[in-house]
Amino acid sequence: MASDKPCIRVVMTVPERKEWEFRGRHSVEKILRRLELNPESVIVIHGDTLLTPDEMVENGMEIEVRSAISGGAA
Amino acid sequence: MKCTKCGGRAVIDLKRHNSGFCKEHFLEYFDGQVRKAIDDFAMFEPEDRILVAVSGGKDSLVLWDALLRFGYQADGLYIDLGIPDYAPASTAKVDAFLEHRPEAVLRRVSLSDDHGYAIPEAARRLRRAACSPCGLSKRYIFNREALQGGYDVVCTGHNLDDEAAVLFGNMIRWQVGYLGRQYPVLEERDGGLIRKVKPLIRVTEKETAAYAVLTGIDYMVEECPMAAGARSLLYKDLLNQLEARSPGSKQQFLWGFFEHGQPAFEEQEGAELTPCSECGQPTSRPGRCAFCRMTESLTAPA
């Protein structure tokens, strides 16, 4: 649920749009662990760059977690 | 994390190489991996005409972008598969790519307009998973368009994860015929089968996604709706769980197979190819090819 308090906003658009809010200062690795996402299967986007798992994010930041996996037969 | 090469801020962590890279050095690394695959497997020569199979997804657009930057004569081939919502969105991504590369040439084929069927109805009428008629249609059209256009080679965007997942699936079911043919280069064969190569074989799906984002290539993020539940997604998930706990496992599994396993399964002589009695394309079975037989059943009155 969105609120007006400062937070870290985490967005995923695929397979469906989801949003989460975290408060404080956390590593990307910790956020992915909380969301039960494998760092090998996703990229984490902030603006026009990428964040590595050890990078810290804090209130006021928005990041996109994007699946890097696509499937189907070749 | 710091870049292994320059000490700047890293944008990607490549555990399998025990490295992290800043944007500049990741792009340099990525290009180097693609060039190495092309060279190591002697995929094509600078003077060859290349046809790149593009879908609007990250792998094929990144591959096309890289080959154009390297200076190859690389044209694209896009097949509209007739999947509602997904096909128009994919087309838009390919068109957006072209806007920034006026030198790029794209060939287009529409299954509905040119062959009278679309993948969803093909899957329904054949009572098969959509990937089956989709794969058959793509393989047939890639080969036909390459021959008609006078290309030397077809390039596809299959990456390390794609091929590791295919290998895993083929080994679970011990599909020895498929294992014998799984290699980054499928040589051309007499009878009209064109050479097919996979220059992204040394990079992971995560790396192509990262490359696309960092270079501003806008790609189709949404998954093909017909691929939901595909076994390949399960295999990729399992392999990535392994990779997270044991970095480097995927590439050891795949590259080790190319070096030690594939030769043991390789057929010395494949089945002889003859021209399809209807379309003239090569087929390993006398008479009409699988594509012509499928098309007839799909376009016959229900």
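Brief remarks follow.
- Filter pass, B:Phe30 being within 14 Å of another protein chain (Cβ to nearest Cβ) and either part of a loop (DSSP other than H, G, I, E, B) or hydrophobic (A, V, I, L, M, F, W, C) (or both): yes
- Among the residues listed as A:Gly71, A:Gly60, the single one being among the small types (Gly, Ala, Ser) and within 26 Å of B:Leu160 (Cα to Cα): A:Gly71
- The set of residues in the stretch A:65-74 that are within 11 Å of chain B (Cβ to nearest Cβ) and on the phi < 0 side of the Ramachandran plot comprises A:Arg66, A:Ser67, A:Ala68, A:Ile69, A:Ser70, A:Gly71, A:Ala73, A:Ala74.
- Restricting the stretch B:164-205 to residues that are modelled with pLDDT of 95 or more, touching a Phe, Trp or Tyr at 6+ places or on another chain (Cβ under 9 Å) and among the charged types (D, E, K, R) leaves a set whose member that is surrounded by the fewest Cβ atoms within 10 Å (Cβ to Cβ) is B:Arg195.
- Candidates B:Gly191, B:Gly180, B:Gly157, B:Gly169: the one that is within 24 Å of B:Asn240 (Cα to Cα) and over 16 Å from the mean Cα position of the chain (by Cα) is B:Gly169.
Residues are listed down the side, and each one gets a yes or a no for (1) more than 9 Å from every other protein chain (Cβ to nearest Cβ); (2) closer than 22 Å to A:Arg17 by Cα; (3) modelled with pLDDT under 95; (4) in contact with a strand residue (DSSP E or B) (Cβ under 8 Å, 6 or more places away or on another chain):
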| position | (1), (2), (3), (4) |
| --- | --- |
| B:Ala209 | no, yes, no, yes |
| B:Val213 | no, yes, no, yes |
| B:Gly216 | no, yes, no, no |
| B:Val221 | no, yes, yes, yes |
| B:Ala227 | no, yes, yes, no |
| B:Ala230 | no, yes, yes, no |
| B:Leu233 | no, yes, yes, no |
| B:Arg245 | yes, no, no, no |
| B:Gly248 | yes, no, no, no |
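- Tally, over the stretch A:11-40, of residues that are closer than 18 Å to B:Leu238 by Cα, within 14 Å of another protein chain (Cβ to nearest Cβ) and part of a loop (DSSP other than H, G, I, E, B): 5
- Residue that is surrounded by the most Cβ atoms within 10 Å (Cβ to Cβ), among those in the stretch B:206-254 that are hydroxyl-bearing (Ser, Thr, Tyr) and more than 19 Å from the chain's Cα centre (by Cα): B:Ser249
- Pairs meeting the criteria (first residue in the stretch B:217-233 and under 17 Å from B:Ala130 (Cα atoms), second residue of a type in the set (Ser, Thr, Tyr) and part of a loop (DSSP other than H, G, I, E, B), beta carbons under 7 Å, at least 6 apart or on different chains) are B:Glu223/A:Ser70.
- A residue that is touching a Gly at 6+ places or on another chain (Cβ under 8 Å) and within 12 Å of chain A (Cβ to nearest Cβ) cannot be found anywhere in the stretch B:279-289.
- B:Leu298 passes every criterion in (1) surrounded by fewer than 15 Cβ atoms within 10 Å (Cβ to Cβ); (2) in contact with a helix residue (DSSP H, G or I) (Cβ under 9 Å, 6 or more places away or on another chain) apart from (1).
- If the condition is being small (Gly, Ala, Ser), in contact with a strand residue (DSSP E or B) (Cβ under 7 Å, 6 or more places away or on another chain) and not in a helix (DSSP H, G or I), then the stretch B:77-123 contributes B:Ala104, B:Ser110.
- Matching residues, the stretch A:43-64, being within 15 Å of A:Lys30 (Cα to Cα), surrounded by fewer than 16 Cβ atoms within 10 Å (Cβ to Cβ), acidic (Asp, Glu) and more than 7 Å from every other protein chain (Cβ to nearest Cβ): A:Glu58
- Of all residues making up the stretch B:186-202, the number that are in contact with a Lys or Arg (Cβ under 9 Å, 6 or more places away or on another chain) and more than 24 Å from B:Cys276 (Cα to Cα): 2
- Only one of the listed residues (B:Phe26, B:Phe21, B:Phe70) is surrounded by 21 or more Cβ atoms within 10 Å (Cβ to Cβ), over 24 Å from B:Cys224 (Cβ atoms), over 16 Å from the mean Cα position of the chain (by Cα) and free of Cβ contacts under 8 Å to residues at least 40 places away in the same chain. That residue is B:Phe21.
The values are calculated or read from the model by the stated rules, or taken from the named source; none is laboratory data. It should be emphasised that the depicted structure is a prediction, and the values quoted were computed from it without experimental measurement. Every residue, glycine as well, gets a Cβ built from its backbone with ideal geometry; the counts of neighbours run over all protein chains shown.
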